[in-house]
Amino acid sequence: MTRRNVFILLLGTFLLLEAPAFAADRFEIFGDYSYLHFSPTIGGVQTRSFNGGGGGVALNFLAIFQLKADFQGYASTTFTRVVTAPIVLPGGGRIPAGTYSSTGNMGTFLVGPVIRIPLPLIKPFGEVLFGSSYTDAYANLEKATNAGGGTVAISPTQHPFTMAAGGGLDISISKRLSIRPAEFDYILTRYTNPLTSTNNQNNFRYVGGVVLKF
């Protein structure tokens with residue numbers, strides 16, 4: 001038997017052994033509620049809580065590996081900054097003393113690998129996702145600052161590098177339905193603004209929802 005035939009035989013055996021795993025839940029669609037604890041890198045602005053939701057799709061390879069696309073959107077929350085003394089920025093802008101408030105939205109768009117433990121009823125998983133995100137919170141706060149007499153260079157619309165690392169578990173309800181009671185992720189975003197020299201935000205995300213399996 002040639003090496004080629006041995007390879008084909010091994011590949012065929014492998015595919016036959018894995019066929020049940022593919023047939024069980026090859027493709028998934030999920031919808032969820034999501035809570036995001038966001039840490040803006042602006043002095044005087046405390047961490048914020050976003051509530052929202054979204055969903056995505058996932059393609060399962062074998063029984064343990066999954067490729068996932070995740071999309072989440074978060075409703076507006078208020079950003080307030082209290083300036084007790086005038087601030088002169090390195091670029092020449094100025095922020096007068098006062099209280100500045102605005103609202104902001106946020107969205108994330110992430111893709112990456114997921115490793116699952118294929119237990120019969122409960123499937124724990126870990127993931128590392130990469131992509132981009134969006135928020136108008138920084139730009140809106142800078143507009144509010146300028147409306148109050150400041151001269152701040154307004155940040156343009158940004159879609160910075162964003163990463164999620166974490167995991168959770170799915171509980172099978174039926175052949176086609178699972179519940180995702182808990183998924184916890186560390187979220188890194190890299191928004192920049194003219195008020196600080198830091199462009200890393202270390203955030204936290206909770207996700208819970210339902211999964212449809214096909």
Does GLY98 satisfy being over 22 Å from the mean Cα position of the chain (by Cα) and either farther than 30 Å from PHE214 by Cα or modelled with pLDDT of 90 or more (or both)? yes
First in segment 101-120 and closer than 15 Å to VAL57 by Cα, second anywhere and modelled with pLDDT under 90, Cβ under 9 Å, 6 or more apart: PHE109/HIS159
Keeping to segment 25-56, report how many residues are exposed (fewer than 13 other Cβ atoms within 10 Å of the Cβ) and modelled with pLDDT under 75. 1
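Using the structure shown, decide if PRO124 is farther than 19 Å from PHE38 by Cβ, touching a Lys or Arg at 6+ places or on another chain (Cβ under 8 Å) and modelled with pLDDT of 90 or more.
Values: farther than 19 Å from PHE38 by Cβ: yes; touching a Lys or Arg at 6+ places or on another chain (Cβ under 8 Å): yes; modelled with pLDDT of 90 or more: yes.
In short, yes.
Which residue, of LEU10, LEU15, is at pLDDT below 95, within 30 Å of SER172 (Cα to Cα) and exposed (fewer than 15 other Cβ atoms within 10 Å of the Cβ)?
Numbers: LEU10 fails: within 30 Å of SER172 (Cα to Cα).
LEU15 is the lone residue from the list that is at pLDDT below 95, within 30 Å of SER172 (Cα to Cα) and exposed (fewer than 15 other Cβ atoms within 10 Å of the Cβ).
Give ALA153, ALA139, ALA85, ALA63 a once-over and let me know the one that is outside any strand (DSSP E or B), touching a residue at least 60 places away in the same chain (Cβ under 8 Å) and not β-branched (Val, Ile, Thr).
Details: ALA139 fails: touching a residue at least 60 places away in the same chain (Cβ under 8 Å); ALA85 fails: touching a residue at least 60 places away in the same chain (Cβ under 8 Å); ALA63 fails: touching a residue at least 60 places away in the same chain (Cβ under 8 Å).
Criteria check complete, one pass: ALA153.
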Output the residue which, of all residues in segment 172-214 that are buried (at least 19 other Cβ atoms within 10 Å of the Cβ) and either assigned to a loop (DSSP other than H, G, I, E, B) or among the hydrophobic types (A, V, I, L, M, F, W, C) (or both), is modelled with the lowest pLDDT. LEU195
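The values are calculated or read from the model by the stated rules, or taken from the named source; none is laboratory data. None of these values were measured; they are calculated from a predicted model. When we count neighbours, we look across all protein chains shown, and the Cβ atoms used for this are built from the backbone with ideal geometry, even at glycine.
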